[in-house]
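Since the structure comes first, as structure tokens, the remarks are kept for the end.
The values are calculated or read from the model by the stated rules, or taken from the named source; none is laboratory data. The structure displayed is predicted, hence computed values, not measured ones. A quick note on method: Cβ atoms are made from the backbone with ideal geometry, for glycine too, and the neighbour counts reach across all protein chains shown. Accessible surface areas use protein heavy atoms only, side chains included; no ligands, DNA or RNA. Shrake-Rupley method; radii C 1.70, N 1.55, O 1.52, S 1.80 Å.
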Amino acid sequence: MEDRDLIEKELLVVKGVSDLYLHGVLESTTAEVHQAFKEALNESINIQNKLYNIMVEKGWYTKEYAEQEKINSTKQKFMAQN
């Protein structure tokens, strides 16, 4: 398995774990449990950021930029709904 594939899979796992930790933070019933989940969430976010930066440095994480016209059109659509 290539390095890129391993890092992509690890990134997906860390994102999933972060989601679980977030729900733990939101649903915790005691301050201690809340703090434990919050610390775990912060650590998983830091790991995600490191993996993301590795992928960007190696050119493995491509970005797509939205055209300004599409941004403005979407913005106007949602502003009209208010």
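State which residue is nearest to TYR52 (Cα to Cα) when the search covers only the stretch 1-29 and only residues that are among the β-branched types (Val, Ile, Thr) and surrounded by 15 or more Cβ atoms within 10 Å (Cβ to Cβ).
Of all residues in the stretch 1-29, those among the β-branched types (Val, Ile, Thr) come to 7, 13-14, 17, 25, 29.
Filter once more, so that each one left must be surrounded by 15 or more Cβ atoms within 10 Å (Cβ to Cβ): 7, 14, 17, 25.
Values: ILE7: 9, VAL14: 11, VAL17: 15, VAL25: 23 Å.
So, considering only residues that are among the β-branched types (Val, Ile, Thr) and surrounded by 15 or more Cβ atoms within 10 Å (Cβ to Cβ), the one nearest to TYR52 (Cα to Cα) is ILE7.
Do we have GLU64 as of a type in the set (Asp, Glu), in a loop (DSSP other than H, G, I, E, B), open to solvent by 60 Å² or more (accessible area, probe 1.4 Å) and out of contact with any Phe, Trp or Tyr (no Cβ under 8 Å at 6 or more places or on another chain) here?
Working: of a type in the set (Asp, Glu): yes; in a loop (DSSP other than H, G, I, E, B): yes; open to solvent by 60 Å² or more (accessible area, probe 1.4 Å): yes; out of contact with any Phe, Trp or Tyr (no Cβ under 8 Å at 6 or more places or on another chain): yes.
Considered against the rule, which asks whether it is of a type in the set (Asp, Glu), in a loop (DSSP other than H, G, I, E, B), open to solvent by 60 Å² or more (accessible area, probe 1.4 Å) and out of contact with any Phe, Trp or Tyr (no Cβ under 8 Å at 6 or more places or on another chain), GLU64 comes out as yes.
Looking only at the stretch 26-61, which residues are touching a residue at least 40 places away in the same chain (Cβ under 8 Å) and outside any helix (DSSP H, G or I)? Break it down into steps so the answer makes sense when it comes.
In the first step, residues of the stretch 26-61 are kept if they are touching a residue at least 40 places away in the same chain (Cβ under 8 Å); the result is 51-52, 54-55, 58, 60.
Those that are touching a residue at least 40 places away in the same chain (Cβ under 8 Å) and outside any helix (DSSP H, G or I): LYS58, TRP60.
Can you pull out the residues in the stretch 30-49 that are surrounded by 11 or more Cβ atoms within 10 Å (Cβ to Cβ) and of a type in the set (D, E, K, R)?
LYS38, GLU39, GLU43
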